[in-house]
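A short worksheet on the structure shown next.
The values are calculated or read from the model by the stated rules, or taken from the named source; none is laboratory data. Small disclaimer: the values here were computed from a predicted structure and weren't measured. Note: ideal-geometry Cβ built from the backbone for every residue, glycine included; neighbour counts use all protein chains shown. Just the protein is used for accessible areas: all its heavy atoms, side chains included, with ligands, DNA and RNA removed. Shrake-Rupley method; radii C 1.70, N 1.55, O 1.52, S 1.80 Å.
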Amino acid sequence: MISKDINLAVQHLNHNGIIGLPTETVYGLAGNAFETEAIHKIFEVKKRPTFNPLIVHIKGIEDLDKVATEIPPIAYELANAFWPGPLTFILKKQTHIPDLVTANQDTVAVRVPNHPIALSLLNQLDFPLVAPSANPFTSISPTRAEHVENYFGNQIGMVLDGGECEAGIESTIVGFENDRVVVYRLGALALEEIEKVSGSVTLLNKEDKKPIAPGMLLKHYAPKTDFILTRNVHEKLEWYSGKKIGLLLFNSYLPQIEKKYQIILSEESDLKLAASKLYNAMHQLDKMNLDIIIAERLPEYGLGISINDRLERASKKDTQLTS
Ligand code: TXA
Ligand code: MG
């Protein structure tokens, strides 16, 4: 059930129910971060392996030290600059955070979501919320209440309707090593923005990623339809001629394919707008009964890097545990 009733959401969450939660990035599948019953439900409904830890959502920076400890000054600087917002920290966890949340690690992921409904909800609860993206394991993340409803229907208490997600891709995840900022997952906050506050950041090399690292699954965010990513859409159109093709393009339509099978992310080449439209475009193309979706690689700067990361993962054939 999709509803705007925050009080109803509060009731579900107070009784260990789980709900679809709007955030500025994507919808989350939320439950009480301190109750293993609720957390188990999230893993079960999402069919997510329990070795993949969850993000804890808090209502404000004042709650950070209730969840994490040994917080370096640079984390506070970044929080002051970007919270509420699409930036998640990996920090040493407080002992009372359930092991199920952190997949038995001694670190916890934490952020303050920048969505008025999520914040209003968190302010009415006396616990933080764990919320992975509200999609079945490896599927496309949801950016509208209907996406969540279509995935989970009555398996969850409700979907709290907060409209379309503004950022449209997941938060950027960073950790701290000797006061250096290490990027674990590219996301809705561009690295250039973080670097303005922290100085240069280290991007975790794909090969370095341990199975527990964020977004470590090669295949992720994937449509059911075959999906390829390319710099050269013209060439791929020739290769796949005869097939029913859909196109996911950056800024302009191509004459070779009927317009209704093409989605443009931003005519103005605005990367922020492109990110906000990305997952809905993938959901839409996936519903068109196509043989193949050909996606165009975006420019490699700013949010273009994060969008390309998602497109790359969507184009992988198999679920693999290392990158
Ligand atoms: O924008 C977002 O971050 C959304 C919204 C709902 O807040 N949430 C989201 O959660 O994307 P999820 O579970 O789909 O992705 C969280 C990522 C996972 O890849 C997980 O491995 C990583 O965060 N993660 C969580 N805790 C971690 C930890 N302690 N150490 C390393 N990675 C962690
Ligand atoms: Mg996810």
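How large is Rg/Rh for the stretch 226-321, to two decimals, with Cα atoms and a Kirkwood Rh? Taking Rg over the Kirkwood Rh, I get 0.94.
Any idea of the accessible area per residue across the chain, 1.4 Å probe, to the nearest Å²? If you can, show how the numbers build up before the last one.
Values: 13900 Å² over 323 residues.
Accessible area per residue, the chain: 43 Å².
What's the local net charge at ALA81, with K and R +1, D and E -1, over the other residues with C-beta under 15 Å away?
Details: positive: ARG111, LYS196; negative: GLU77, GLU192, GLU193, GLU195.
For residues surrounding ALA81, the net value is -2.
The Rg/Rh ratio for the stretch 2-203, using Cα coordinates for both the radius of gyration and the Kirkwood hydrodynamic radius, is 0.94. Using a cutoff of 8 angstrom between alpha carbon atoms and counting only pairs six or more residues apart, the relative contact order for the chain works out to 20 percent. About the centre of its Cα atoms, the stretch 2-203 shows a dipole size close to 360 debye [charges on the beta carbon of Lys, Arg (+1) and Asp, Glu (-1) only; nearest 20 debye]. Percent of accessible area on the chain owned by carbon and sulfur, 1.4 Å probe? Within the chain, the accessible surface is 47 percent carbon and sulfur. Of all DSSP-defined beta bridges confined to the chain, some 40% are antiparallel rather than parallel. Summing Lys and Arg as +1 and Asp and Glu as -1 over all other residues whose Cβ lies under 12 Å from the Cβ of ILE42 gives a net charge of +1.
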